[in-house]
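These notes are about the structure you will find just below.
The values are calculated or read from the model by the stated rules, or taken from the named source; none is laboratory data. A quick note: this is a predicted structure, and the numbers were derived from the prediction, not measured. Here the Cβ is made from the backbone with ideal geometry for all residues, glycine too, and neighbour counts use every protein chain on show. Calculation scope for accessible area: heavy atoms of the full protein, side chains included, ligands and nucleic acids excluded. Shrake-Rupley method; radii C 1.70, N 1.55, O 1.52, S 1.80 Å.
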Amino acid sequence: MAGMTKGLFADSEFNSKLCRTMTPIALQNLMLASVAAADAVMLGRMEQNAMAAVSLATQVQFVQNIIVSSVTSTAGILGAQYWGRKSGRAINDIFCMALRLVTLISLAFSLACLFCPGILMAFFTNDAVLAEIGCRYLKIAGISYLFTGLSQCYQTTMKVTDHVSRVAWISSSTVVINILLNAVFIFGLFGLPAMGVRGAALATLLARLIEFVWSLVSSCQRGFLRPDYRRLFFHDVDLSRDFAKIAFPMLGAFLLWGIGFTSYTAILGHLGQDAAAANSVAAVIRDLTCCVANGVSAAAGIMVGNELGAGNLEKGKLWGIKLMKISYIIGLSVTVLILLLTWPVASFMSLTDAARTDLVAMMVILAFYMIGRCVNTIIINGIFDGGGDTLFDMYSLAVCMWGIAIPTALLGAFVFHWNAPAVFACTCLDEVGKIPWVMAHFYRFKWVKDLTRDREENKGL
């Protein structure tokens, strides 16, 4: 560890930009994960099935989010490089392109939740009780998915144009609002009726609406980039080609990862209520402890992308190496943290004895899985993406997740009838297993690329 950190933080410019960019994004991720934690704690204190059902139902938004993220992440990759090049019109056209695509995607998911929630829940559980509770949640929360998608477009543009702190402020504030509304609606505070699952859904809807309005108003303020609606349907052939070249591999990777991750939840959801409940708590812990890695990953994409887009290839490469080393420090730290949290979390949650036993085993497994998760998140989704190297992620997921982890989990659950922790361990094989492959690809430095084009308006913003 000492050898890895020697000289790592000697560059004051690197340190300043990393802290300035990473901290607000990590805080944003922490606050977003806190909503799921609040749902789990509040619903879990009422009824185990309510907690498990909402955890399964939110997988619908998870699938929507991965598709939307393939669009907004592409916008972020190109936007970061064009921001380094100081090309305002290119960033605006990228923004408008993302808005068009995200609106169509998010609207489709919202309509599906409103009109066929039962079909959606059938993918995640065969338990009639859990499915019925999940449908009640989706019919209300599904409306928020349109607002969530649009907010992501505005916030992505803010991040790449040096307004990361505003994004964190908006997200953190609306998360606090969401948690407070959760308490009010779930438990029926201030004379309101206790709404349980419907209350959690209503709180989500109102918070996401506030977030969208706040993002929209922020973009209209002085110094912020807002979409030029006159160019909303403008088609730039070269820019669209560059967008598609990055977006399609990224969409493939997001779909492979997202559907695969959803499959993990579905497999464990079919092992019974105790397994589903234990997995839902473990998922919350995973998301909470991923926040720093997610923040560094997002910062890595912006920092490396800015330098590569500005033509500073050697500097971008050097910063990528520093960020890779940081990923291991974070991974090992998270492992220790989860091991320390295991018993306190298992003791606090209102679970059956069987579910609590499963949860303790799952969290120990999760602790070691997080080394791979943190390293791969920062290197693949941060450094590689910063240089537009999005194809590797798709290949690695196809092999490690779909070729190894999912088949093993399916066999363990439905052929060999292993217990829930053993099946959970199968779902964790992919992240740790692909570290050697990731490092070999990293040192080939194919990600050190300038993606920008010469444009007439490449002058000050």
Exercise. Say each of A194 and Y395 gets a label point 7 Å from the Cα, pointing the same way as Cα to Cβ; how far apart are those two points in nm?
Worked result: 5.6 nm
Exercise. Helix 197-219 sits at what angle to the longest principal axis of the chain, using alpha carbons and giving 0 to 90 degrees rounded to 10?
Worked result: 10 degrees
For this session: Report, in degrees rounded to the nearest 10, the 0 to 90 angle that the Cα long axis of helix 237-269 makes with the longest principal axis of the chain.
Result: 20 degrees
For this session: Could you check the simple spin-label distance between F416 and S240, using points 7 Å along Cα→Cβ, in nm with one decimal?
Result: 5.0 nm
Exercise. Taking all protein chains as present, what is the carbon and sulfur share of the accessible area of segment 55-177, in % to the nearest whole number, probe 1.4 Å?
Worked result: 69 percent
For this session: Please report, in whole Å, how far the alpha carbons of the chain spread along each principal axis, starting with the longest.
Result: 63, 50, 36
Exercise. Tell me which lysines have Cα within less than 17 Å of K434's Cα, excluding those fewer than 8 residues away on the same chain?
Worked result: K325
Exercise. Which of the aspartates and glutamates could be linked to K315 by a straight reach, that is with a Cα gap under 13 Å, when you skip same-chain ones fewer than 8 residues away?
Worked result: D11, E13, E307, D450
Problem set entry | Separation between Cα centres of segment 148-187 and segment 235-270, rounded to whole Å | 23 Å
For this session: Compare the Cα positions of A422, N381, A361 along the charge dipole of segment 336-461 (+1 at Cβ of Lys, Arg; -1 at Cβ of Asp, Glu; about the Cα centre) and return the one farthest towards the positive end.
Result: N381
Problem set entry | Within straight-line cross-link reach of K245, aspartates and glutamates at Cα separation under 12 Å, skipping those fewer than 8 residues along the same chain | D389
Exercise. Given +1 on the Cβ of Lys and Arg, -1 on the Cβ of Asp and Glu, and no further charges, what dipole in debye does the chain carry about its Cα centre, rounded to the nearest 20?
Worked result: 980 debye
Exercise. Just the accessible area per residue of segment 332-461, please: how many Å² with a 1.4 Å probe?
Worked result: 45 Å²
Seminar exercise, completed: Probe 1.4 Å, heavy atoms of protein chains only: per residue, the accessible area of segment 73-198 in Å² is 37 Å²
Problem set entry | Unit charges at the beta carbon, dipole of the chain: most positive-side option, Y443, F234, T289 | F234
Exercise. Relative to the Cα centre, what is the charge dipole magnitude of segment 272-371, using +1 at the beta carbon of each Lys and Arg, -1 at the beta carbon of each Asp and Glu, and rounding to the nearest 20 debye?
Worked result: 400 debye
Exercise. So for segment 79-203, taking the charge dipole from beta-carbon charges (+1 Lys/Arg, -1 Asp/Glu), which of T148, L189, A203 sits furthest toward the positive end?
Worked result: T148
Exercise. What nm distance separates the two modelled labels at L180 and E13, each placed 7 Å from Cα along Cα→Cβ?
Worked result: 4.3 nm
Exercise. Of the peptides 171-180, 236-245, how do they stack up when ordered by the mean number of other Cβ atoms within 10 Å, highest first?
Worked result: 171-180, 236-245
For this session: Whole number in Å², please: accessible area per residue of segment 211-329, 1.4 Å probe, ligands, DNA and RNA not counted.
Result: 39 Å²
Exercise. What percentage of the solvent-accessible surface of segment 348-461, computed with a 1.4 Å probe over protein heavy atoms, is contributed by carbon and sulfur atoms?
Worked result: 64 percent
Exercise. Given a 1.4 Å probe and every protein chain left where it sits, what share in percent of the accessible area of segment 296-345 is carbon and sulfur?
Worked result: 74 percent
